[in-house]
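Engineer: The structure follows.
Quick note: the coordinates plus some simple rules give every number you see, no bench work behind them. Nothing here was measured: the structure is a model prediction, and the numbers come from that model. Counting neighbours? That spans all protein chains shown, and the Cβs are built from the backbone with ideal geometry, glycine included.
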Amino acid sequence: MTFIYILIATAIIAGLSLTGVIVLTSLKKHVHADMLTLVALSAGAMLGNAFFHLLPEAIELSQEGAIDLFTIMLLIVSSFVASFLFEQFFSWHHCHNADHCEPTEKPFAHLVLYSDTIHNFIDGLIIAAAFSVSPSLGVATTAAIAFHEIPQELGDYAVLVHGGFSKIRAAVYNGMAALTVVVGGVVGYFLAGSVEWTVPVLIPIAIGGFIYISAADLLPELRHNATHGGSRASIPLHFLIFLTGLAIMIATAMME
């Protein structure tokens, strides 16, 4: 029965990837401006998720002896640097044969997919571990993950579209990334004691990726839009939405 609970819970979390599709599809006018607003939300949600959800979890694991603090910091920095190198390689790979090139799909869109895939897999492992202890703990854990997943999935879809993906391609790839939460749940159930090292290693990697995407890609993207043809009046709005995404993550972290 535990396995069924895990499948249902992870399927619900995976279904939240449809949030962005539904919201953006319903936007009939000013889609570009609305997408930038959701990009701001995603930036705040990613940064808040990294510092108020994932980092405390990593520190708790270090206190339990699963991983030492120095290794956590090393993995975070390594993930941050690897994200930068990936963007440089992506740009070179698409443009090395041209004097001037602007990739149709921006590197940060692909980074969002990779980081979100890791994050969702971790969520699946955590849900499986919670249900293995008790159904009530599993339900509480799933609810906590759902609360902070909704704003992030909403923003992720907008980031993919803004980064050059078509709406259909963004929906499909975001959905595929979301399904890794189910994979994580299944792996967590069948390999219970054998994956004790997985979560401590993957969490810092996800932290570094989210911090890089938010600070080095999404926030500069908003600034670039405001100073190159965008409305300066949108700057306060985007800052407020960014803080909203951050505040949601802080609030959901306090509820856990």
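Engineer: Roughly speaking, what is the stretch gain from GLU60 to VAL201, that is 0.36 nm per residue apart minus the C-alpha to C-alpha distance, in nm to one decimal?
Structural biologist: Between GLU60 and VAL201, full extension yields 49.5 nm more.
Engineer: Hey, another quick one. Taking each pair of different alpha-carbon atoms in the stretch 137-180 once, compute 1/r for the pair, average those values, and report the inverse of that mean as the Kirkwood hydrodynamic radius in Å to one decimal.
Structural biologist: 11.3
Engineer: If I stretch the segment between MET73 and ILE235 completely, what's the gain in nm (0.36 nm per residue apart, minus their alpha carbon distance), one decimal?
Structural biologist: Contour length minus the Cα-Cα distance gives 55.0 nm.
Engineer: Viscosity 1.567 mPa s, temperature 4 °C: Stokes-Einstein D of the stretch 124-216 from its Kirkwood Cα radius, in µm² per second?
Structural biologist: Value of D from the Cα-based Kirkwood radius: 88 µm²/s.
Engineer: State, to one decimal in nm, how far the label point of MET1 lies from the label point of PHE190, with both points 7 Å from Cα in the Cβ direction.
Structural biologist: Result: 2.4 nm between the two label points.
Engineer: For the peptides 154-164, 138-148, what is the packing order when you average, over each peptide's residues, the other Cβ atoms within 10 Å and list the highest mean first?
Structural biologist: Descending packing order for the listed peptides: 154-164, 138-148.
Engineer: Hey, with R₀ at 41 Å, roughly what FRET efficiency would PHE89 and MET254 work out to, going by the Cβ-Cβ distance, to 0.05?
Structural biologist: 0.60
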